Structure formats: structure tokens, C-alpha cells
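Take a look at the structure set out below.
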Amino acid sequence: MIEFEDVTKVYPDGTKAIEDISFTVEEGTTTVLVGPSGCGKTTSMKLVNRLEEPTEGTVYVNGTDNQELDKIDLRRTIGYVIQEIGLFDHMTVGENIATVPELVGWDQSRIDDRVDELLELMDLSSDYRNQYPRELSGGQRQRIGVARALAADPDILLMDEPFGALDPITRENLQDEFLQIQERINTTILFVTHSIDEALKMGDRIAIFDVGEIVQYDTPAEILSNPKNEFVENFIGENQAFKQLSITRVREVMDEPQDHESASAEVAPAADGGEYYSISPDNSLQLGLTRLLSIEHTTLPVVEDGEVIGYLTEDHVRSYFDSAGEQ
Amino acid sequence: MAGVVSTTLSGIRYLLNHLPEFWELLAEHMVLVIVSEMLAVSIAIPLGVIAARHEKLKSPILSVGNVAQTIPPLAVIALMFPILGLGFLPSFVALFIYALLPVMVNTITGLESVEEGTIDAAKGMGMTQNERLTKIRFPLALPVIFAGIRTSTVINVGTAYLAFFIGGGGLGAWVISGINLFNMPQVFAGAISGAVLAISLDLILAAVENRLGSTGPASAQVAA
């Protein structure tokens, strides 16, 4: 858990980076700090592992004022991923991942096991272990960066524009992968980005920054349906409806199977049509609507592990959307 | 062309006819170069590390070093004479001073050229300042530092010829007295063997660098 309590940071030259900021990142959740450049989001993140020190206020890490903790020890218990990745080019992938375990003195066999485990988690074969970072693609390097940050099993992960330097397709894939990984590791994550789309996708909660202050701290759905002021509205952009669809899962909207027994004639044939005539409950409503529009039937079966667990129609999407808008 | 070939051949013939003397001069030359270089490296690298760490020390150290390098080698040798007299020691000191700068400059540049993101990551992962230096910055700077050592060694082989002027011995004995006596085979014998020495030392250092690099940047260079 991370708590900011009335935190202000003024640089020695008098620039106010952030002013009187308070927010809490609950254990096991992801909070995304988002805002234009120079708004203080990266500074806020660096206050957590004391790469920056607050001028006023307190940052609590798992309930303890982080000023009372030893800087070096604190940083070794917090995973850190940065945009430039910062892999060590003179070390192999395995050595890179093992950095923090080495620093805190794990024995070699435990380190080896952990490296194997992380390579597997990142969906990289163990052949990569002895390769050097420069031999890898941008996406692979970024995966190694995340693996390295997770190596010593930190409770907290700080990620500063981790997918910023990648092409859109790789970025999208890594975001999806990371969301899946996150479900397994249950780490408290503070994530910094300038992209509202990435924030909506990755965050359980989002803090929207504007020059040193948090304008709104809410769930993605709440931010989309109830933007607090004009700044937030502008920041979200015009296609809110579309974004709303992209952050909502089919599971939240679909009908249970029994409701549709009678309408079976309308249902697209899931079995012989392949994946395009069905959808997974974890897919976004955006993808659901796209598929509904591209088939001849009005109802799309929702399939999980080979079984139909529900149905999705255009009406569902519309009524979900209307109710979200009214809130 | 034919003149060059025949003079070179006559140089080699001269060398073969004076082998005992050749070994003696070569040994003196090598001791001068290698010992002064080793001492220079062992002092220049720590100085470079200190300078790279302290912004205030960096420019004085670099400017003193730069000034030292603008003094011609002959002048350094000549300057040593009134202070330390004749013989091995003044020659050695002059070579040492002359070898210092390239190594130091390259140490500083090498350490400074490590990417900011890399250092940031190391810091954020909880490395102390010393750990960042020994595990990250120094290994990454090693190819640049080695380039400095190689340059300075090759220059050093050339400068060591001048040691003969103050009685420091070495291959300069053949070259300088050969010029005075207009004994071209003798000049060539001295010059060629120095050139071979410079090339050999450079190759040896390259091999050492690769060896060290097997756990480090060499493979990065291959991939780059």
C-alpha cells in the first residue's frame, strides 16, 4: 500500500513540482498517474522510492513513513521500471534479472530458479538467459525490464512510462500481457503515463494531474462518465463513448444463458463459425460490438473454456451505455 | 621504392649482425615503456574515477592533463634532466607523465558516457554509489578506458626513443646515434623494431581487453 499525505515538492531552484497531494494506492491495485508532461507525475512516483525527497508531507510505504526507512533497503524492496528500460548492456539477460536478488544476497540456486520462473512468466524461452540485451527486440527488452523489477518479489512496483518507447502494436500486446501477469502477482502498482488510453486500460484508479495537482482521482469508469471539470473532459478527448466500451468487459454486460433459450434461432453458430462468431467474457465491449456488427445474427454467444456462458446483443451494449451515461 | 626495400633489408641485416646489443636495447626500451605505462594506468584510472565523481575536480584535472600533453615529449625529457639528472629515472618519470593523460581522459569520458537511464535504473533498484561504479559504470566504460590505454602505450613506445638523450637507454641509441653518424641501416634497425614492439603491445592489450570482455561488453560490441 502507498499513501501520499499532503505532499509538496519544491526543487532547490524554487520550481514547485507538486503541491499538497494526497492519495492512496490500495494493496494489490494499480493506480495510474496521468497528465501532460511537467505535471509532476514522475516526481510523485520518485518520492515513493526516495529518488526524490518531499519538501513537506509524508509518503507511507506499507504503513511506514518512508523517511524512516533506509534508502537502499527501501529501493531493493520496490520494483522499478523506467521508459528507457535501463537494462545493463554488459550483463546477460539472466544477470540483469538477477540484479536485486544478487544485491540482497540470495544463494545462487534460488537466483537461478527465480530467473527461470520469471522468463517463463514473461513468456520468454530460457534460451534468452545467456543473451545480451542488445541482441533483443524492443518488446523483449521491455519484458526483461519488467522481469528484473519483479525479481525479488516486491510488494510494490513503480512503472514510469514502461511501454512508452514501443510501437503501437507491441505496446498493445505488452499491456494485455501485463494485465494478465498482474492478476497472478497481486502487486501494488504505481504507473506513470501521459496517455489517457493507457491509463484507462491499465488502472484500477486514475489520478489525473495538472501542473502539480491532482484534478480527479477515480476509477476509469467514473472518470469517463463523470469528468470533474473541463480539464479532465479535454484530457479524455471526444470519443468517450468508445473509450467506455474499451474498458468494459463483456462479462459485465452479457445475459445469462437461460434468458435466451427461446431466441436460439437468432444466435450466431458458435461451434462451426470459429472464434469470430463468439467472444470471450474477458474481451472488451468494444470488440464485442465490432463482432456483432460484422455478423448476420443479432446475438453473439459468449464462450469461456469451450462452453457458452452467456449472450451479447446490441441492445445490451446500448442499455449499458445509457445507464452509464445517466450516472 | 627499390631504395626503401634495400635500406629496410640492410636494417634487418644490421639487426641480425648485432643481436646481443639488440636484445639489450629492446629490453631497456620495454622496461621503460611497460613499467611507466603500468604505473600511469594505475594512477590515471583512480584519478579519472575521482574526477568523474566530483564535478569540481573534473575541469582542473582535465586542464592540467591537457597542458601536460601539449608539452612536446622532447621538452618533457629535457625538463627532467635538470631536476632528476641523467639515466633511467628521469626518462621513466617523463614517460610516466606523458602516458597519464590519455588514460585519464578516457576514464572520465568512458564513465560519463554511460547512459543516464542505465544509471537511473541502477539507482532505483537500490545500488549504492560504489555498487553503481563497480558493477555498472566501470564495466560499461571499460572499452573506452582500454582504448586510452592502447593509445597511450603506442605513443609511449615512440616517446621512449627520446630517453637516449638523457641516458635512459633503449632503441633510441641506434636511431639517434645512427642519424648522427649517417648510418642508415642502424637507424632502420632501431625504427623497425620499435614499430614491431608498438604493434605487438597493442595486439596484446586488445587480447586482454577481449578476455575481460568475455564477461562483459565485448559481446555487446559484436551485436552493435
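The values are calculated or read from the model by the stated rules, or taken from the named source; none is laboratory data. Remember, it's a predicted structure, so these values are computed and weren't measured experimentally. For neighbour counting, all protein chains shown are included, and Cβ atoms are generated from backbone atoms with ideal geometry for every residue, glycine included.
What are the residues in the range B:100-118 that are of a type outside the set (S, T, N, Q), in a helix (DSSP H, G or I) and within 8 Å of chain A (Cβ to nearest Cβ), if any?
If the condition is that a residue be of a type outside the set (S, T, N, Q), in a helix (DSSP H, G or I) and within 8 Å of chain A (Cβ to nearest Cβ), then B:Glu116, B:Gly117 are the ones that fit.
Let me confirm something: among A:Gly14, A:Gly63, A:Gly38, which residue is closer than 21 Å to A:Asn186 by Cβ and more than 14 Å from chain B (Cβ to nearest Cβ)?
A:Gly63
Evaluate the following for A:Met45: is it out of contact with any helix residue (DSSP H, G or I) (no Cβ under 6 Å at 6 or more places or on another chain), more than 25 Å from A:Phe235 (Cα to Cα) and not β-branched (Val, Ile, Thr)?
No, not satisfied.
Among the residues of the range B:93-114, which ones are out of contact with any Leu (no Cβ under 6 Å at 6 or more places or on another chain) and under 11 Å from B:Arg137 (Cβ atoms)?
If the condition is that a residue be out of contact with any Leu (no Cβ under 6 Å at 6 or more places or on another chain) and under 11 Å from B:Arg137 (Cβ atoms), then B:Thr107, B:Gly110, B:Leu111, B:Glu112, B:Ser113 are the ones that fit.
Quick check on my filter: what residues within the range B:120-130 are surrounded by fewer than 18 Cβ atoms within 10 Å (Cβ to Cβ) and more than 7 Å from chain A (Cβ to nearest Cβ)?
B:Gln129, B:Asn130
Could you check the range A:22-42 and list, in sequence order, the residues that are in a loop (DSSP other than H, G, I, E, B) and closer than 17 Å to A:Ile236 by Cα?
Answer for the range A:22-42, where residues must be in a loop (DSSP other than H, G, I, E, B) and closer than 17 Å to A:Ile236 by Cα: A:Gly35, A:Pro36, A:Ser37, A:Cys39.
Out of all the residues in the range B:24-34, is one or more surrounded by fewer than 17 Cβ atoms within 10 Å (Cβ to Cβ), hydrophobic (A, V, I, L, M, F, W, C) and more than 24 Å from B:Asn156 (Cα to Cα)?
Taking every residue of the range B:24-34 in turn, none turns out to be surrounded by fewer than 17 Cβ atoms within 10 Å (Cβ to Cβ), hydrophobic (A, V, I, L, M, F, W, C) and more than 24 Å from B:Asn156 (Cα to Cα).
Quick check on my filter: what residues within the range A:289-311 are of a type in the set (Asp, Glu) and over 18 Å from A:Glu256 (Cα atoms)?
A:Glu296
Would you be able to say whether some residue in the range B:101-113 is buried (at least 16 other Cβ atoms within 10 Å of the Cβ), under 26 Å from B:Ser193 (Cβ atoms) and not polar (S, T, N, Q)?
So far as the range B:101-113 goes, yes, one or more of its residues are buried (at least 16 other Cβ atoms within 10 Å of the Cβ), under 26 Å from B:Ser193 (Cβ atoms) and not polar (S, T, N, Q).
Just the residues that are under 24 Å from A:Pro154 (Cα atoms) and either of a type in the set (Phe, Trp, Tyr) or part of a loop (DSSP other than H, G, I, E, B) (or both), please, taken from the range A:43-59.
Residues satisfying the conditions are A:Asn49, A:Arg50, A:Leu51, A:Glu52, A:Glu53, A:Pro54.
Within the range A:198-214, which residues are crowded, with 19+ Cβ neighbours inside 10 Å and not aromatic (Phe, Trp, Tyr)?
A:Glu198, A:Ala199, A:Leu200, A:Lys201, A:Met202, A:Gly203, A:Arg205, A:Ile206, A:Ala207, A:Ile208, A:Gly212, A:Ile214
Do we find a residue being touching a residue at least 12 places away in the same chain (Cβ under 8 Å) and either of a type in the set (Asp, Glu) or over 25 Å from A:Phe88 (Cβ atoms) (or both) anywhere in the range B:121-129?
Within the range B:121-129, none of the residues are touching a residue at least 12 places away in the same chain (Cβ under 8 Å) and either of a type in the set (Asp, Glu) or over 25 Å from A:Phe88 (Cβ atoms) (or both).
Select, from B:Ser63, B:Ser91, the only residue that is part of a helix (DSSP H, G or I), surrounded by 15 or more Cβ atoms within 10 Å (Cβ to Cβ), within 20 Å of the chain's Cα centre (by Cα) and of a type in the set (Ser, Thr, Tyr).
Result: B:Ser91 is the single residue among B:Ser63, B:Ser91 that is part of a helix (DSSP H, G or I), surrounded by 15 or more Cβ atoms within 10 Å (Cβ to Cβ), within 20 Å of the chain's Cα centre (by Cα) and of a type in the set (Ser, Thr, Tyr).
Please work out if B:Ile97 is within 25 Å of B:Val154 (Cβ to Cβ) and assigned to a helix (DSSP H, G or I).
Here the answer is yes, as B:Ile97 does meet what is asked.
Anything in the range A:86-97 that is within 17 Å of A:Gly164 (Cβ to Cβ) and within 7 Å of another protein chain (Cβ to nearest Cβ)? List them, or say none.
A:Gly86
Yes or no: B:Lys56 out of contact with any helix residue (DSSP H, G or I) (no Cβ under 6 Å at 6 or more places or on another chain) and at pLDDT 90 or above?
Answer is no for this residue.
Conditions first: (1) surrounded by fewer than 16 Cβ atoms within 10 Å (Cβ to Cβ); (2) of a type in the set (D, E, K, R); (3) in a loop (DSSP other than H, G, I, E, B). A:Asp6 passes all but one, so which condition is the exception?
(3)
Checking A:Leu51 against (1) touching a helix residue (DSSP H, G or I) at 6+ places or on another chain (Cβ under 8 Å); (2) more than 11 Å from every other protein chain (Cβ to nearest Cβ), which single condition isn't satisfied?
Here A:Leu51 meets the rest and fails (2).
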